[in-house]
Amino acid sequence: VTRFSSLGRDGPRLSPDDFAALRDLFTERLGIAFGAESRFALERRLRERVVALNLGSFAEYCDFLRHARAADPEWDEAVDLCTTNETYFFREDYQLRSFAAEVLPALALLSKGRKRLSIWSAGCSTGEEVFTIAILVQRSGQFDDFDVRVFGSDISKRCVAAARRGVYPPAAFRATPPDVKRDFFVEKPDGFHVVERIRAMCQFGQMNLLDAERVRLVGRADAIFCRNVLIYFGPQARKQTIDRFHERLYPGGVLLLGHSESLLNVTTAFELLHLKEDLAYRKPLGASRGSRSE
Ligand SMILES: C[S@@+](CC[C@H](N)C(=O)[O-])C[C@H]1O[C@@H](n2cnc3c(N)ncnc32)[C@H](O)[C@@H]1O
C-alpha cells in the first residue's frame, strides 16, 4: 500500500518534500536551481522515469539518483528531461558582431606568438554556437596560419552526439545570414551539413561544468563563451564555474555571457570590456593563473 501511496490518478505525484529533496540534489550535482514554480513541471517531466524504473514514488526516484554514479544513464535521462537546450546559429547577433569586430582582433594580437587560438563554448547544447564561432573566426581571415580549436562542451550526451553529427534542420538557421548558410553548409536529404573545413576546427566533449577535474582537462582558452547556462544555476555553482573559467583563460582572455547574465555579485576578478554593441569580461593581463575572486 505504501508503495503506491504517492500515485495520483495521472501517476506518481511530486510532494513538496520530495520536490525539495530532488531540487537540492539537482543543485548539488548539476548546479541548476529550480524555483518553487518548477515543481509541477518537474513532476510532469520526470514522472515517466519513476514509471520506467518501476519505482513507487518520487522519493524512491530521488534516492535512486542520489546513489547512482554521475556516469549512470539515469542521470543522462534526468538531465535531458530537466534542462533547456534551446539554441540556434548566430544567436545574439549584436554580441557576435562585437566579437568579430573587436574581440577577435584583440585575440589575434594576444595569441600571435603562440599561433594557436583556443575558444571554449561551455554549455554548447547541440553545437550551433560552436560552429557559429568557428565560422566567424574563419571569416575574419586573421587566423589563417593559426592552429584554431573551438571546443564545445555540454552535460547532455544526446546534445554532444548531435553536435558531433553537425547536421541541422531549417529552424536552426532562423538568424543566419543567407550568404553564411550558402557558404558553410551543404543541403542533403537529412538536413544541412556543416562543411568539412569548419567541422575540422571544432571538437566536442561531454562535461558537467561542476566537475572540477574534467574542467581542468580543458586546455587554456583565449575566449570562453558561456551563454544562457548560468541563468539556470544557483549562486554557488555560478561562482564556482566563473572561478574555473578565470583559471582556464589566458591573461587578456575574454569571457562572453548571455544577454541577461552578468558577473555582478559573483566576482571582481574580471575587467569589464565595453564593446560597441555589448559588454564582455576580460581576465586582466597581469592576472596570475589562478582566480583572484576571493
Ligand atoms: C539554453 S542551452 C544554451 C546553449 C547555447 N550556449 C546558446 O546560448 O544558444 C543551456 C545548455 O546548458 C547545459 N547545461 C546545463 N547544466 C549544465 C552543467 N552543469 N554543465 C554543463 N552544461 C550544462 C544544458 O544541457 C543546455 O544544453
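Can you pull out every residue in the stretch 62-115 that is among the aromatic types (Phe, Trp, Tyr), farther than 25 Å from PRO169 by Cα and either surrounded by fewer than 19 Cβ atoms within 10 Å (Cβ to Cβ) or within 16 Å of the chain's Cα centre (by Cα) (or both)? Quick ask: steps written out before the conclusion?
Within the stretch 62-115, the first condition is being among the aromatic types (Phe, Trp, Tyr), and the residues that meet it are 64, 75, 88-90, 94, 99.
Those still in the list that are farther than 25 Å from PRO169 by Cα too: 64, 75, 99.
Listed by number, the residues that qualify are PHE64, TRP75.
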Fill in: Residue under evaluation ALA59, criteria (1) at negative phi; (2) surrounded by 24 or more Cβ atoms within 10 Å (Cβ to Cβ), criterion not met
(2)
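Taking GLU129, is it within 16 Å of the ligand (Cβ to nearest atom) and not in a helix (DSSP H, G or I)?
Here the answer is no, as GLU129 does not meet what is asked.
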Practice prompt. Scan the stretch 72-94 for residues that are within 19 Å of ALA122 (Cβ to Cβ) and either assigned to a loop (DSSP other than H, G, I, E, B) or touching an Asp or Glu at 6+ places or on another chain (Cβ under 6 Å) (or both) and jot them down.
Written response: THR83, THR84, ASN85, GLU86, THR87, TYR88, PHE89, PHE90, ARG91, GLU92
Worksheet item: Would it be correct to say that PHE143 is at pLDDT 95 or above, over 17 Å from GLY205 (Cα atoms) and either among the charged types (D, E, K, R) or surrounded by fewer than 24 Cβ atoms within 10 Å (Cβ to Cβ) (or both)?
Response: yes
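Looking at this structure, is ARG220 basic (Lys, Arg), at pLDDT 95 or above and more than 19 Å from ALA134 (Cβ to Cβ)?
Answer is no for this residue.
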Practice prompt. Say whether the condition of being closer than 21 Å to HIS259 by Cβ and out of contact with any strand residue (DSSP E or B) (no Cβ under 8 Å at 6 or more places or on another chain) is met by at least one residue in the stretch 102-109.
Written response: yes
Discussion item. Given the options ARG214, ARG220, ARG282, ARG248, name the one that is within 12 Å of the ligand (Cβ to nearest atom) and farther than 17 Å from GLU92 by Cβ.
Written reply: ARG214
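Here is a yes/no grid of residues against (1) within 16 Å of the ligand (Cβ to nearest atom); (2) touching a helix residue (DSSP H, G or I) at 6+ places or on another chain (Cβ under 7 Å); (3) in contact (Cβ under 8 Å) with a residue 40 or more places away in the chain:
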site: PHE19; (1), (2), (3): no, yes, no
site: GLY31; (1), (2), (3): yes, yes, yes
site: GLU102; (1), (2), (3): no, no, yes
site: PRO105; (1), (2), (3): no, no, no
Worksheet item: When you scan the stretch 116-126, how many residues do you find that are in a strand (DSSP E or B) and either hydroxyl-bearing (Ser, Thr, Tyr) or more than 14 Å from the chain's Cα centre (by Cα) (or both)?
Response: 4
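The values are calculated or read from the model by the stated rules, or taken from the named source; none is laboratory data. Given the structure is predicted, the values throughout are model-derived calculations rather than measurements. Cβ: placed from backbone, ideal geometry, glycine included. Neighbour counts: every protein chain shown.
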